[in-house]
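Comments concern the structure below.
The values are calculated or read from the model by the stated rules, or taken from the named source; none is laboratory data. Not measured: the values here are computed from a predicted model. Note that each Cβ is placed from the backbone with ideal geometry, even for glycine, and that neighbours are counted across all protein chains shown. These accessible areas exclude ligands, DNA and RNA; they are computed on the full protein's heavy atoms, side chains included. Shrake-Rupley method; radii C 1.70, N 1.55, O 1.52, S 1.80 Å.
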Amino acid sequence: MRLRDCHNFHDFRRLARRRLPGPIFDYIDGAADDEVTHRRNTASFEHCDLVPNILRGVENIDLSVTVLGQKLAMPIYCSPTALQRLFHHTGERAVAAAAAKYGTMFGVSSLGTVSLEELRQAHDTPQVYQFYYHRDRSLNRTMMQRAKEAGVQVMMLTVDSITGGNRERDKRTGFSIPFRLTLAGMYQFGIKPAWGINYLTHERFKLPQLDQHVDMGSGALSISKYFTEMLDPSMNWDDVAEMVRLWDGQFCLKGVMSVADARRAVEIGCTGIVLSNHGGRQLDGSRAPFDQLAEIVDAVGDRIDVIMDGGIQRGTHVLKALSLGAKAVGVGRYYLYPLAAAGQAGVERALDLMRSELERGMKLMGCTAINQLSRENLRFR
């Protein structure tokens, strides 16, 4: 199986599984507890049908949107995800370059493996910094100031990860940074030697957003321990309001799921919210973002940009979310599997397929611009 044989999300997933050692693949693929929420995120779209219109003159399609003050050529962006260097040695560089080629936004995580500054200098496309709130308040201020000086356009505070989710696949393999593998995990690396050769013959793994502040090496601080020991579970609305004031720009909360929290985000001055359950990786049994989208849009959609992520695998999923009132959608696994499979070429192919699906879907829906999508296009079973 080669990259050119990949025509959808599931093809990329299969190719990534062939090329990655089991523990790395399971880190991308896995979720919390019984992984029920992870499955529901995509299944939620199946209860919604598109109702197309015909004879609308759809020769030219405009997929552009403006979200969080940023003009995007299409209504999806590459959500910030951690540890991309583990999936392919080009990591965030590949994702940023692909996003720039297709005119969309990309995110860099606090646990990213390429620095904010390098990516900001390399690409003009809008850049999001996905931020975790640490117990050390001075560290939070320092990291925010660094992002501001780097020229990052959007601060995105993740609020659903004050402690790590119960990701049992990682426990079985011993996945952590640095690696502390079980025998089963070591075996999986042993049968995929190409990944190890690639990993060892390129630049050393690092976490440049954190390496001056947090020792991720000595003491074998795992990702789970990072969430549990370094992040601040006492974070509250007053803390976030202070961050919004300090940032003084586009500020988005990622992980909002209730109407009450969406309204509070508006009150403290946020400019956007992302409906998200962290891809099912945190609270298993939580509601799917698509199922919650209409309720949130009705409550605050006229005062704040409402975005969603979770479960997006097709262009039609994106069209359904936009029809309900989302300004844009974020994708994670959708680009991580092709990144793992083929680096920048993989991410570009995934974004190209998505753009083609969106253009085709818009034509078949009888719409020439994103703002023509509405709930009149939908029926729920």
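Here are some notes:
- Scanning region 177-213 for residues that are surrounded by fewer than 12 Cβ atoms within 10 Å (Cβ to Cβ), assigned to a helix (DSSP H, G or I) and either at pLDDT 80 or above or hydroxyl-bearing (S, T, Y) (or both) yields a count of 5.
- Test for I273: is it in contact with a helix residue (DSSP H, G or I) (Cβ under 9 Å, 6 or more places away or on another chain) and either in contact (Cβ under 8 Å) with a residue 40 or more places away in the chain or open to solvent by 20 Å² or more (accessible area, probe 1.4 Å) (or both): no
- Being modelled with pLDDT of 95 or more and open to solvent by 20 Å² or more (accessible area, probe 1.4 Å) holds for only one residue in T104, T66, and it is T66.
- Of the candidates R314, R287, the single residue that is open to solvent by 30 Å² or more (accessible area, probe 1.4 Å) and either modelled with pLDDT under 95 or more than 19 Å from S161 (Cα to Cα) (or both) is R314.
- Residue list for region 22-34, filter: within 14 Å of Q282 (Cβ to Cβ) and either open to solvent by less than 30 Å² (accessible area, probe 1.4 Å) or of a type in the set (S, T, N, Q) (or both): G30, A31, A32
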